[in-house]
Amino acid sequence: MRGVAVRRMTSSIVSVDRRGLGRVGYAELTEDLRLLKEPETPLGAELASQIKARGPVTVHEYMRQCLLHPRHGYYARPGAERVIGKDGDFITAPEVSQLFGELVGVWLVSEWLSLGKPSPARVVEVGPGRGTLMADVLQATTSWPEFRQAVRVEMVEASPSLRTAQQLRLGARPLADRGRTWRLPDHDRFGTSVRWHESLRDLDDEPFPCLLVAQELLDAMPAHQFVKTPSGWREKLVDVDDTDDSAHHFRFVLAPSPTPASRALTLSSYLAAYDSSNCDDATIEVSPTALATVDDVARRVARHSGAALFVDYGKTTCLGDTLRAFKRHAQVMPLGDPGLVDLTVDADFAACAKQAALVDGARVYGPIDQGEWLGRMGIAHRLEALLNNDAITDTQVDHLITACERLCDPAQMGGRYKVLAIAHSKTHALGLEAPAGFRPDESVSPPPDPLSVISP
Ligand code: SAH
C-alpha cells in the first residue's frame, strides 16, 4: 500500500553541527560535508548528462525512465520482484491476502458466464508484479472447469525481470515455439497456456472475448504535472541540482514558456473545469499513458466483447500534486535515488472513466471503493468459509481477519483504493444489469466533448 506515508519525508538538506567540529579544528572539513550529496545512482548519472546536454525533462519523462529504463529502471532491474511485498518497498492487495485474488477470480468467472460462456476466451493481466494475483485467480477458478478449459492466459508485463519472476511463480514452462507460449505445470489439469507480452500493443487483436484485470498499474504510469501561474499553465520539469542546498542531484523547475504538453493541455477540455475557478498555484496531473491504456482496453472490449477491471488508489480529479516515492514502506523524496525508489501518482479515475466511456460499445462502471466492491463480491462469506476450516491455527485466524480488515476498512485500503469496470454495452445494457460488484446506476455517462489525450 503506497497511499499512506509511514514516516516523514527525509530531509533534503544535510545539516552539520559545526560547534563540535569547530573545536577540534576541522572547519574546512565541515564546509566539505555541507556539500555532501547522496551517492549518484547509475540512472541518475545518465539522466544528469541527458539534462545537461538537452535541458530539463518533463516529470513524465523522469518518472518513465525511473520506473522502466531498460537497465536501471525500478521495475526493470534484476531482483525487481523483491520490491513488492512486506519485505520490499510497498505492499499491494494480492500480497496482503489470497482473498483478493480469489474474488477477482470469481469476478472473471461471473463476467464469462454473463457473456454466455464463450470458448475460447482470454484472461489478461496487465502489470502482474510478482504473479501472485494470477496464481490466486488460477487456484480459485479450478472449481469452474468449464471456465478454465475455455480460457487462455495473457500476461502483459513491461519488465523482463518481473516476467521471469511471474513465470517462476506460476511454475510455467515454455513450449517448443521459441518461448512464445508457456504451459502451467502438470498438476494444472486444464492444460492452460500462458503467453507473456511486453506491452498491451503486443497483445494480438484476436477475435475472442477478453477478460482483463489491471491491479495497481495506473499509478505506475507516468504523468505530466502543470502549475497555474499568472502567465498561464506551465509544465513542471526536472533539472539537475548542482548546488549545495540539497542532498539530491535533481530539482523541480517550472518551464519558462509553454511546452508541447502544456500547449496540448491548454487546447484540451481538461482545463474547462479549472481555468475559470480561483485556484492559483494549483497543480494538475495528466497521465496520457494511463488514458491511452484505458482507451485501448475499452476498444478491445467493445470490439470483441469481454470485461475489464482496474483497481488502484486514486482520486476523481486531476487537481493536486500526488507524485510520491517509496522505499521500504516509507515515503521519501521523489527526486532522490533515481531508479532505486518506487515512484507513483494517484490514478485519475474520473479522466480514465470518461476516456473509456467515449468508446462506442463500451460501458463504464464506477469507480467505487475497494471495500464496497469486495463486500458486494462476498468477501465476508469467503472469510467465514476459511475460518470454519477445522485445521486452521489461531495465527492463521488472526492473519486472515487482519488482512480482510486491511483490504476492506474505509480508513485503510478499502477506502483509499477504487475499482473501475468496463463492460461491453450489449452484455450490460444500461439499466438492466451491471458487472459483478457494481450497480446499474453506477455506470458513467460519456462526456459531451471528447477529451484530447496528450500523446504519451
Ligand atoms: N499488480 C501487481 C504489481 C503492481 S506494481 C500487484 O498488485 O502486486 C506495477 C506493475 O506494473 C509492475 O509489474 C510493473 O512492472 C508493471 N508495469 C508498469 N508499467 C507498465 C506498462 N506500461 N506495461 C506493462 N506493465 C507495466
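The values are calculated or read from the model by the stated rules, or taken from the named source; none is laboratory data. Quick caveat: nothing in here was measured; it's all calculated off a predicted structure. Ideal geometry is used to build each Cβ from the backbone, glycine not excepted, and the neighbour counts take in all protein chains shown.
Looking at the structure I just gave you, is G378 modelled with pLDDT of 95 or more and over 19 Å from the mean Cα position of the chain (by Cα)? Yes, satisfied.
State whether the residues of the stretch 47-68 include one that is farther than 27 Å from V297 by Cα, polar (S, T, N, Q) and more than 10 Å from the ligand (Cβ to nearest atom). The answer is yes; a qualifying residue exists.
The number of residues in the stretch 346-398 that are assigned to a loop (DSSP other than H, G, I, E, B), charged (D, E, K, R) and over 22 Å from L420 (Cα atoms) comes to 1. Let me spell it out: the conditions are (1) within 15 Å of the ligand (Cβ to nearest atom); (2) within 20 Å of the chain's Cα centre (by Cα); (3) more than 30 Å from G191 (Cβ to Cβ), and R130 meets all of them except one. Which number is the exception? With respect to (1) within 15 Å of the ligand (Cβ to nearest atom); (2) within 20 Å of the chain's Cα centre (by Cα); (3) more than 30 Å from G191 (Cβ to Cβ), R130 is out only on (3).
Restricting the stretch 286-331 to residues that are among the hydrophobic types (A, V, I, L, M, F, W, C) and surrounded by fewer than 21 Cβ atoms within 10 Å (Cβ to Cβ), which is modelled with the lowest pLDDT? Give the steps one after another, and end with the answer.
Of all residues in the stretch 286-331, those among the hydrophobic types (A, V, I, L, M, F, W, C) come to 286, 290-292, 294, 297-298, 301-302, 307-311, 318-319, 323, 325-326, 330.
If we keep only those that are surrounded by fewer than 21 Cβ atoms within 10 Å (Cβ to Cβ) as well, we get 292, 302, 319, 330.
Details: A292: 94, A302: 96, L319: 81, A330: 93.
Ranking the candidates gives L319 first.
Can you name the residue in the stretch 436-445 that is in a loop (DSSP other than H, G, I, E, B) and over 16 Å from D348 (Cα atoms) and is also modelled with the lowest pLDDT among such residues? Top of the filtered list is S445. Whether any residue in the stretch 71-79 is over 26 Å from R251 (Cα atoms) and within 16 Å of the ligand (Cβ to nearest atom) is what I want to check. Yes; the residues of the stretch 71-79 include at least one that is over 26 Å from R251 (Cα atoms) and within 16 Å of the ligand (Cβ to nearest atom).
Here S199 meets the list (1) buried (at least 17 other Cβ atoms within 10 Å of the Cβ); (2) modelled with pLDDT of 95 or more almost entirely, failing just condition (1). Within the stretch 44-88, the set of residues being at positive phi and modelled with pLDDT of 95 or more comprises G55 only. Of the set (1) over 17 Å from the mean Cα position of the chain (by Cα); (2) under 26 Å from G414 (Cβ atoms); (3) small (G, A, S), all apply to A150 but (2).
When the residues of the stretch 165-187 are filtered to those that are surrounded by 15 or more Cβ atoms within 10 Å (Cβ to Cβ) and within 15 Å of the ligand (Cβ to nearest atom), the one that is farthest from P120 (Cα to Cα) is A165. Given the condition in contact (Cβ under 8 Å) with a residue 12 or more places away in the chain, part of a strand (DSSP E or B), within 16 Å of the ligand (Cβ to nearest atom) and closer than 24 Å to P288 by Cβ, answer yes or no: does some residue in the stretch 253-263 qualify? No - not one qualifying residue is present in the stretch 253-263.
Just checking, does the stretch 180-198 include any residue being in contact with an Asp or Glu (Cβ under 8 Å, 6 or more places away or on another chain), farther than 30 Å from M155 by Cα and without any contact (Cβ under 8 Å) to a residue 60 or more places away in the chain? Within the stretch 180-198, none of the residues are in contact with an Asp or Glu (Cβ under 8 Å, 6 or more places away or on another chain), farther than 30 Å from M155 by Cα and without any contact (Cβ under 8 Å) to a residue 60 or more places away in the chain. With respect to the conditions (1) in contact (Cβ under 8 Å) with a residue 60 or more places away in the chain; (2) in contact with a Leu (Cβ under 6 Å, 6 or more places away or on another chain); (3) within 16 Å of the ligand (Cβ to nearest atom), E102 falls short on a single one, namely (2). For the stretch 250-270: of the residues being surrounded by fewer than 19 Cβ atoms within 10 Å (Cβ to Cβ) and over 30 Å from T41 (Cα atoms), which is modelled with the lowest pLDDT? It comes out as S269.
Of the residues making up the stretch 301-324, those that are within 15 Å of the ligand (Cβ to nearest atom) and either under 19 Å from P446 (Cα atoms) or aliphatic (A, V, I, L, M) (or both) are A308, L309, F310, V311. When T192 is tested against (1) within 11 Å of the ligand (Cβ to nearest atom); (2) crowded, with 16+ Cβ neighbours inside 10 Å; (3) hydroxyl-bearing (S, T, Y), just one condition goes unmet, and that condition is (1).
Kindly indicate which of L162, L115 is within 9 Å of the ligand (Cβ to nearest atom) and either more than 17 Å from the chain's Cα centre (by Cα) or not basic (K, R) (or both). Please lay out each step first, then the result.
Working: L115 fails: within 9 Å of the ligand (Cβ to nearest atom).
Answer to the check: L162.
Give the residues of the stretch 143-159 that are away from the ligand (no atom under 15 Å from the Cβ) and buried (at least 16 other Cβ atoms within 10 Å of the Cβ), sorted by residue number. Correct list: W144, F147, R148, A150, V151, R152.
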